[in-house]
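**Q** The structure follows.
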Amino acid sequence: MKSKKEIIKNIKNLNWEKWLHRPFSPLVTSFFAESFSRKSFEKIGIPNMAGKACFFQNEFWYESKEVWLDSEKQLDVYLKTNTMLDITKSLDTFHKKNKKTIKEIVLGEENITTQIKEVYEILKLCATFIWLAHGLEAVYQRRLDNEVPKYIKKDIKEFIGDASFPKKKNKHALMEEDIRNNKDPEEIAKEYGWIKCRFNFDEPFTAEEIKQIKKELKPEEPIKKINIPEPLEQLFKEVQELVYFRTARTDVTYELLFLARPILKKVAEHYKIPFQEIKNYSLQSLVEGKPKKFNKNHSLAFYEEEFIMVNEPILKNKEIQTNGVKGTIAFKGITKGTVKIVKSVKELTKIQKGDVLVTPMTFPSYIAAMNRAVAFVTDEGGITCHAAIVAREMHKPCIIGTKNATTALNDNDFVEVDAEKGTVKIIKKAE
């Protein structure tokens, strides 16, 4: 067993770069702690797979090229005998089984330590599915880059984006379908209310909010028909499954975490911790019966099957200083607007007509706000991500994968989004 000092030393020996901004509470960070382990991957049906390391501190996940290349090699081996459909089937099976399991745990009479341990095991595997998507995206992006130019000679990125649109509907699309079909708002709120919550302990959608969504909901647009050359058909079937999987794996996590709230409330009562404070404790410490509180700037380091979670930074942060942002063009266009930074669903009300939506990444629950915005700028995402697909549907300028938009820009900065060059220029800083 490695000591804390050994794990930190091994982490420092890898080259890390800031990757994804995630203002996770310590509770959420903690169920990612073992998600990279060989045992976790085996449990979700991916044998002989293990992440070498992962690292989080000060609300940022960091990436290491060495770590990702190792994961990609393992996934290439897996995909020689398996497909994306196998992975989405595994996720669907996991979801159905554990939705039922959590409901049974809530109604069960096991002691609270047993209940929280069972919930931790489920949430840990949710995080494994979340990690899996990032490695798969790298593998399939490489395949698209290699194969598509052989058959498509112009507007390659646009073709890939359009041809990657999934045939399966995610939970938000199913909720909108029910709204359009005039299903009872109370029933819709009961079935899909958790979509609003994500990793936060916010309240779910109410029937009144569903009614408001209905007022703003636009008619469903037909899926654009794309003629895919025959040699590329199988590849795009796989990529369409991947695009579905991207959203599905977070849908599953948010719903299961929401269903587990009654257990978290029991845990909070058991340890005499206010419920809204339970998010500051690691799940491992609650399972062990020794609640440990962490602060906002906590760190998590995983290295070769072992992890530590501490309250202090492990690596020194470098401040980002820039007057602009660069990224990948998802949909071309040039526009100007006022920046509104959105990091959670509850901040979507900030977006007014004419604003530029700046966010780590978009989700189906962002659609109404995206309708109001003039452009989208994201920290992350590839050309098959949600923001890119929606931008093409709405014909709005979109720049993705900037890595630093939410930290380089501020609310109320007035900017020019140039999705011809892939840049965001600050014209006037917020006062």
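**Q** So, in the range 136-174, exactly how many residues are crowded, with 20+ Cβ neighbours inside 10 Å, in contact with a Phe, Trp or Tyr (Cβ under 7 Å, 6 or more places away or on another chain) and among the small types (Gly, Ala, Ser)?
**A** Number satisfying all stated conditions: 2.
**Q** Let me ask you something else. Given 42, 63, which one is at pLDDT below 95 and under 17 Å from residue 127 (Cα atoms)?
**A** None of the others qualify; the one that does is 63.
**Q** Within the range 306-319, is there a residue that is open to solvent by 40 Å² or more (accessible area, probe 1.4 Å) and within 24 Å of residue 122 (Cβ to Cβ)?
**A** yes
**Q** Out of the range 392-431, which residues are open to solvent by less than 20 Å² (accessible area, probe 1.4 Å), in a loop (DSSP other than H, G, I, E, B) and of a type in the set (A, V, I, L, M)?
**A** Hits for the range 392-431 are 409, 419.
**Q** Check off (1) open to solvent by 60 Å² or more (accessible area, probe 1.4 Å); (2) assigned to a helix (DSSP H, G or I); (3) under 30 Å from residue 411 (Cβ atoms) for residue 233 and give me the number that stays unchecked.
**A** So residue 233 meets the others, but not (3).
**Q** Residue 356 versus (1) crowded, with 22+ Cβ neighbours inside 10 Å; (2) under 16 Å from the mean Cα position of the chain (by Cα); (3) among the β-branched types (Val, Ile, Thr); (4) more than 22 Å from residue 138 (Cα to Cα): which is the lone unmet condition?
**A** So residue 356 meets the others, but not (2).
**Q** Condition first: buried (at least 19 other Cβ atoms within 10 Å of the Cβ) and not small (Gly, Ala, Ser). Now tell me which residues in the range 31-43 satisfy that.
**A** Within the range 31-43, 31, 32, 34, 36, 41 qualify.
**Q** Please verify whether the range 95-106 includes one or more residues that are in a helix (DSSP H, G or I), in contact with a Pro (Cβ under 7 Å, 6 or more places away or on another chain) and surrounded by 13 or more Cβ atoms within 10 Å (Cβ to Cβ).
**A** For the range 95-106, residues in a helix (DSSP H, G or I), in contact with a Pro (Cβ under 7 Å, 6 or more places away or on another chain) and surrounded by 13 or more Cβ atoms within 10 Å (Cβ to Cβ): present.
**Q** What is the residue count in the range 242-295 for residues that are part of a loop (DSSP other than H, G, I, E, B) and open to solvent by less than 40 Å² (accessible area, probe 1.4 Å)?
**A** Number of matching residues: 5.
**Q** Give me the pairs, please: first residue somewhere in the range 267-288 and more than 13 Å from residue 27 (Cβ to Cβ), second residue anywhere and open to solvent by less than 60 Å² (accessible area, probe 1.4 Å) and of a type in the set (Val, Ile, Thr), beta-carbon distance under 7 Å, and either six or more positions apart or on two chains.
**A** Qualifying pairs under 7 Å: 270/112.
The values are calculated or read from the model by the stated rules, or taken from the named source; none is laboratory data. Just so we're clear, the structure is a prediction, and the values are computed from it rather than from any experiment. Cβ atoms come from the backbone with ideal geometry, glycine included; neighbour counts cover every protein chain shown. Ligands, DNA and RNA are excluded from the accessible area calculation, which covers all protein heavy atoms including side chains. Shrake-Rupley method; radii C 1.70, N 1.55, O 1.52, S 1.80 Å.
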